[in-house]
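Working notes, structure below.
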Amino acid sequence: MTIDLTQFHDAFFEESFEALDSMEAALLKLDIGAPDKELINTIFRVAHSIKGGSATFGFSDIASFTHSLETLLDELRSGTMQVTLAMSDLLLKSVDVMRAMLRAVQQKKPIDAQKVSDLQFDLELMIAQKDTAVASAPAPAAPASAPAASASAPAASGSAPAASAQAAVIDAPPTATRWQIEFRPFPELFARGNDPLRMLRELSELGSLETTVDVNALPGFAAIDPQSCYMAWSLQLTGAVEESAIRQVFDWAEGDCELTIKPVGESASAATAAAQGAASAKQPAATSAPASASATSASAASAPATSASGPSAPVASAPTAASAPAAAAAPSTSAPATAPAPAAPPKLEAVPKAEVPIEKMADSGSIRVSVEKIDELMNTVGELVITQAMLSQLGSKLEGTTAEKLRAGLAQLERNMRELQETVMRVRMLPINVVFSRFPRMVRDLAQRLGKQIDLKLTGEQTELDKTVLEKIGDPLVHLVRNSIDHGIESPEKRLAAGKSAAGTVHLDACHRGGNIAVEVSDDGGGLDKNRILAKARDRGLVGPNDVLTDEQIYELIFLPGFSTAEKTTDVSGRGVGMDVVRRNIKELGGKIELRSDLGKGSKTIITLPLTLAIVDGQSVSVGGETYIVPLISIVESMQLKAANVSRLSGRGEVFSFRGYYLPIVRLHELFGLEPRTRVLDEGLVVVAEGEGHQRIGLFVDDLLGQQQVVIKSLEANYGHVEGVSGATILGDGSVALILDIPGLIRATNIRSAA
Amino acid sequence: MSSNAPVKKTGDASHQVLTFVLGNETYGVDILRVQEIRGWSAVTKIPHAPPHVLGVLNLRGSIVPIVDLRMRFTLDRAEYTAVTVIIVVSVVSAAGRRDFGVVVDGVSDVVDVDTEEVKAAPDLGPKGSTDFIRGLVPVSDRMVVLLDIDRLIGTDLTSLTGDAAVAAA
Amino acid sequence: MTKRKKANPAPARSARGGHLSGPPREARKTKAAPAAVSTTLALAAECLVAGASTLKESLGSRLDEPHPITLDITDLQRIDTAGLQLLTAFVRERAGHGRAVEWRGSSPVLTSAAQLLGLTALLRLPA
């Protein structure tokens, strides 16, 4: 049996990113003048746990950087350093760097070593300057950790420099204590991803360490299980070290070893008192610790113990796989493995490593579930919906009293199904705040960089969206907000001169609107200058010199690829690749985007999105005996044409007049090669549908059938892409209907009329 | 549709083949690729599809294209009757696994084919390449043409034409 | 009308040439000098828990070698407790039977790790 630690990587990355988010939020909340101790603790714990986790998995670059960060934070935590604006900025930068490193490792790409070492240097410089900045009580363990931090500076390979051995010989400052540590790992310590070498190395950085190894349990070579640990250690650590610091070193091995820490010598009594204090504070957790510490299933351990160990909350949530590494279990229980007497350790219970859901103690009872499971659930529910529709249809054809009862039952079933479907859809939905929360930091940085003053307003953050939609809405929103700040909001001087407040407002809002989600980004900046846009478009030949465009049409020009009216492109936005990509992204989500503006007053971008990607509200139409679905979101109106309203324009084919415009008529039967019920326009129906940017067409169909919610099935999985068709669905009678893609149809029509 | 006749036992190097009838010939496909067999039902047409792709059907919730093999082999078109059968097969390619339904006249037995008994396919002359024919094997009193389903249907249905040679692998 | 045919299991035929999975095999160089006075085993760059089984196999195959064995550590870059445990057991077992283990090359990694774990003497590492 060999261990593959990579199975735990995903959980580590996920949790680390989350932890970094909470660290960032805490940093932004931190009041420099009167810093909240809890916030500082939160920040410290994040650095500490990421350090431990990355060390476990051998991500030495991350571990090393985080170690320096942790050192600085420790100073902050123990009050030997005070928070300054410079420090806060440095810490925020560290968050960015850590995110980048994690991402690089996750994607198996190289880390930007220069950036990392530069920032690490800044961190250590700040730590080193501590003594000049604050003249107060001698800092515990600080001198020992500083050289250790530089000794573990990022190197290309993960090899431990010989310097760490030297770190053990540092002179302890006068207030030194000597500790006797008994460290007896259980055999499965290795299997849990722990390495005593790493822990002893950390200890050696706290003070001067003497090691005595006990190999009595080491069997003959042939009998050795290479994955089991048979060695134990007696250690003496001398230095200005607190017991809690020592315990922290063994955090990750919680439950996988026997650990005794005893003070030795004159300072014994003082240290014991401190230890007692610490131990009793941990009593509530300790009572459950012995039992839980011995359980092999880390998940069982973290559940009861976590409730008592508030401080470790950010990392309390463990991965869904119950065979969680000690990495997950350890920080959740701060109680020592053996609280009272160092008697024989509780016998290990062989708890089967079955799939056990892990409670995330931070909020009230939620479970982390993999996206695949939810997708499966949604598929099954989708199938149920189809089956129920089939049954309903069959039921409607039956006669008799039994048939009546059956129909009543099926109607009930349909109501149940709708509820089930909605509930399952909601499972995948998350509040848009997940995305909105990115913005305070981004806006602050950007405003600083561009010398603007921005007030960010967030409303409707609790509006829920499907997870997949949520994931893809972030980038477009970022681009829009950047645009607002960069091009929309004027500089404070200009604003004052214009009689506005010096600070501009950027407002992000989300709400449910008519079965869809509406997300708005608005600002009270200068608005869009139609004349400039028109001029630019004319410059590029996108618009003829004599064309007359409505306001809407002018704003639409912005969505053309390569278009940008920025005077000079900053590196933030204005590269001109933005808006067309934004629109494409929104379109892929099945939504649409429009611009509104008031010159001098501000602009507003409105994004409309469907609630979910898997289901669409559609209008069924029949053409030549085939049924097609037109997404309701695209439909403007359905009507019967009067021959008088139809004309033929040269170069544009058949058109009809609608609300003051001429729209092309798309004969679906021609496009699809079908035999329609009628070819006479006023004997059929026309569905006015809208594609991108207010482009409208009239779809000529035989009849309108019902409206219903349909489950989107992929046509491309087995067949391929068809222009004008976005997917397929299964109707109540089991047959397949194609779902139309209006923009695609518009393209297909344009190509044909151009031909 | 005939029932399963008992399969004859042969040597180790054998595999099972589902045989079916099309026109005057009997063909065979690897049983491991067969997902299911069903009767004919009306398909939904796909715009601008090649002529031998009749449309799509709902198969256990998936949208599966239905291919008329007669057209593929440039035989005369037949009527689709109550006994016309669709064999749903999996085609494997670099793009992954795709399911298709092929319309045939009728399904015959599942037989064990001894690899040693398979003879090479003869040159079919002007009709085109025979990449999709694995070989010929005698079964009872006739020759079964063994088909390579991956090559027969290929990966890109949307670009195949009826009398084309093998699609890109 | 739907009929599903069950396929009989096809004769086992591995699609690929082998199906070994497990920890990545580290490049092992084993130079055995034929009919020479000592055997040299060069340790790989990484001797970590993930490859400990492999390391045990390599060492185990030489356990009873009557001639002295030299462990060449010039390539060693990373080692952990599991690796050191095996080396310790190896040296100890051989010593118990009066068989020598010598070290060639220097590895600061090994020196520092052994010192931290208190194994320098047991490994008979040069001081």
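The values are calculated or read from the model by the stated rules, or taken from the named source; none is laboratory data. As the structure is a prediction and not an experimental result, all values here were calculated from the model. In this analysis, Cβ positions are derived from the backbone assuming ideal geometry, glycine residues included, and neighbour counts consider all displayed protein chains. Surface areas here come from the heavy atoms of the whole protein model, side chains and all, with no ligands, DNA or RNA. Shrake-Rupley method; radii C 1.70, N 1.55, O 1.52, S 1.80 Å.
Taken across segment A:699-712, residues that are without any contact (Cβ under 8 Å) to a residue 60 or more places away in the chain, among the aliphatic types (A, V, I, L, M) and surrounded by fewer than 17 Cβ atoms within 10 Å (Cβ to Cβ) do not occur at all.
Taking the numbered list (1) without any contact (Cβ under 8 Å) to a residue 60 or more places away in the chain; (2) basic (K, R); (3) closer than 30 Å to C:A50 by Cα in turn, A:R45 passes all entries but (1). Open to solvent by less than 80 Å² (accessible area, probe 1.4 Å) and not in a helix (DSSP H, G or I): does that describe A:K457? It is false that A:K457 is open to solvent by less than 80 Å² (accessible area, probe 1.4 Å) and not in a helix (DSSP H, G or I).
Taking segment A:628-654 only, how many residues are at pLDDT 90 or above and open to solvent by less than 20 Å² (accessible area, probe 1.4 Å)?
The qualifying residues number 4.
Among the residues making up segment B:15-49, those that are closer than 12 Å to B:D109 by Cβ and either assigned to a strand (DSSP E or B) or within 13 Å of chain A (Cβ to nearest Cβ) (or both) are B:Q16, B:V17, B:L18, B:T19, B:F20, B:V21, B:T26, B:G28. Selection of segment A:587-608 for residues being at pLDDT 85 or above and under 28 Å from the mean Cα position of the chain (by Cα) yields A:I593, A:E594, A:L595, A:K604, A:T605, A:I606, A:I607, A:T608.
Here is a yes/no grid of residues against (1) farther than 19 Å from A:I127 by Cα; (2) surrounded by fewer than 21 Cβ atoms within 10 Å (Cβ to Cβ):
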position	(1), (2)
A:T56	yes, no
A:F59	yes, no
A:M81	no, no
A:D112	yes, yes
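Within segment A:1-10, track down each residue that is open to solvent by less than 30 Å² (accessible area, probe 1.4 Å) and either outside any helix (DSSP H, G or I) or without any contact (Cβ under 8 Å) to a residue 40 or more places away in the chain (or both).
Going through segment A:1-10, the residues open to solvent by less than 30 Å² (accessible area, probe 1.4 Å) turn out to be A:3, A:8.
Correct list: A:I3 only.
Residues that are open to solvent by 30 Å² or more (accessible area, probe 1.4 Å), touching a strand residue (DSSP E or B) at 6+ places or on another chain (Cβ under 7 Å) and not in a helix (DSSP H, G or I) do occur in segment C:48-61.
Applying a threshold of 7 Å to beta carbon distances and a minimum spacing of six or more residues, or different chains, the list of pairs starting in segment B:107-119 at a residue that is farther than 9 Å from B:V139 by Cβ and ending at one that is part of a strand (DSSP E or B) and of a type in the set (G, A, S) reads B:D112/B:S14; B:D114/B:S14; B:T115/B:S14; B:V118/B:G135; B:K119/B:G135. Residues that are within 14 Å of chain B (Cβ to nearest Cβ) and under 39 Å from the mean Cα position of the chain (by Cα) number at least 1 in the following strands (runs of 3 or more DSSP E) confined to segment A:623-730: A:626-631, A:703-711, A:725-730.
Considered as a group, the residues in segment A:215-246 that are out of contact with any Asp or Glu (no Cβ under 8 Å at 6 or more places or on another chain), in contact (Cβ under 8 Å) with a residue 24 or more places away in the chain and open to solvent by 40 Å² or more (accessible area, probe 1.4 Å) include one that is nearest to C:L122 (Cα to Cα), and that residue is A:Y230.
Taking segment A:35-54 as the range and being of a type in the set (A, V, I, L, M, F, W, C) and open to solvent by less than 20 Å² (accessible area, probe 1.4 Å) as the test, the residues that pass are A:I40, A:I43, A:F44, A:V46, A:A47, A:I50. The single residue among A:R482, A:R495, A:R441 that is at pLDDT 90 or above, crowded, with 17+ Cβ neighbours inside 10 Å and basic (K, R) turns out to be A:R495. Only one of the listed residues (C:A114, C:A100) is at pLDDT below 90 and either open to solvent by 40 Å² or more (accessible area, probe 1.4 Å) or more than 7 Å from every other protein chain (Cβ to nearest Cβ) (or both). That residue is C:A100.
The residues of segment A:11-34 that are open to solvent by less than 40 Å² (accessible area, probe 1.4 Å), at pLDDT below 90 and more than 24 Å from A:G79 (Cα to Cα), listed by number, are A:A11, A:F12, A:F13, A:E15.
Under the condition of being more than 8 Å from chain B (Cβ to nearest Cβ) and at pLDDT 85 or above, the residues counted in segment A:732-742 number 4. Taken together, A:P476, A:P431 contain a single residue that is open to solvent by less than 70 Å² (accessible area, probe 1.4 Å) and within 30 Å of A:R495 (Cα to Cα), which is A:P476.
The rows are residues; the columns are (1) more than 8 Å from every other protein chain (Cβ to nearest Cβ); (2) at pLDDT 85 or above; (3) assigned to a loop (DSSP other than H, G, I, E, B).
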site: B:K9; (1), (2), (3): yes, no, yes
site: B:F100; (1), (2), (3): no, yes, no
site: B:V107; (1), (2), (3): yes, yes, no
site: B:D112; (1), (2), (3): yes, yes, no
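Which residues, taken from segment B:53-71, are within 13 Å of chain A (Cβ to nearest Cβ) and either farther than 19 Å from B:G96 by Cβ or among the β-branched types (V, I, T) (or both)?
B:V53, B:L54, B:G55, B:V56, B:L57, B:N58, B:I63, B:V64, B:I66, B:V67
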